[in-house]
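A short write-up of the structure that comes next.
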Amino acid sequence: MSFDQRRDDYLAALRWVAGLMATTPMAQLGLPTPCTEYDVRTLMGHLIGTAERGLGTAERRSMRDVPHVVTYVPDEGLARAYAGLAKRIAHAWAGLSGDDEVRAAWGECSALDAAQGYTVETVTHGWDLAVATGQDSEAPDDIASRCLLVAESIVPRRLRGVMYAEPASPGSAASATDRLASLLGRQRPPRISAASVLVNPSRGST
């Protein structure tokens, strides 16, 4: 698959997650997520940190000081901060070619490999956020299907039980994004009651 397609998928995944954040009510920030180490607030902080690393990769600068979970952004600014990073990433990645050598969060690799890794992580955590907040959890434009083509190689066996859980069973009717999340060890939790979800589409971007 071409670098242009992988880069487009990464940017589309960022826009999808930005939209999910923008329509997440403040009342949901304390909810648990399928990524069990995070609630919604800390998941958003982790997504911001991941986006910061994606930007640092393209700009070829050190990411040593980027925290695993960004905590310095106030709750009301989380969605705005992520959307701003998504725009900066689109600009920075426009100057890369697939065979350019870059330093991603996990080490030296090609820009193509970096795009693949960041896309898989962004889509999977987007699924986490969507499921936790009762939003549509299917990534757009068939991104997840293309991620499934490379996800096995991105998550080596030696990291199972260390950085990634064992694959879960997605079920026979699972969507492509469900299957990707399951491959990375996610399980869809029992349905959250409507009263606890408190979806508020009118909140808009903060």
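Among the residues of region 62-75, which ones are among the hydroxyl-bearing types (Ser, Thr, Tyr) and either in contact (Cβ under 8 Å) with a residue 12 or more places away in the chain or open to solvent by 100 Å² or more (accessible area, probe 1.4 Å) (or both)? Passing the criteria: THR71, TYR72. For region 112-121, check the following and say yes or no: at least one residue is under 11 Å from ALA181 (Cα atoms) and open to solvent by less than 50 Å² (accessible area, probe 1.4 Å). Yes: one or more hits. Screening LEU43, LEU78 for residues that are of a type in the set (A, V, I, L, M, F, W, C), touching a residue at least 24 places away in the same chain (Cβ under 8 Å) and either surrounded by fewer than 19 Cβ atoms within 10 Å (Cβ to Cβ) or within 24 Å of ASP141 (Cβ to Cβ) (or both) leaves exactly one candidate, LEU43.
The values are calculated or read from the model by the stated rules, or taken from the named source; none is laboratory data. Source: prediction; values computed, not measured. Please note: Cβ atoms are built from the backbone with ideal geometry, for glycine as well, and neighbour counts cover all protein chains shown. When the accessible area is computed, the model is the full protein with side chains, heavy atoms only, and any ligands, DNA or RNA have been set aside. Shrake-Rupley method; radii C 1.70, N 1.55, O 1.52, S 1.80 Å.
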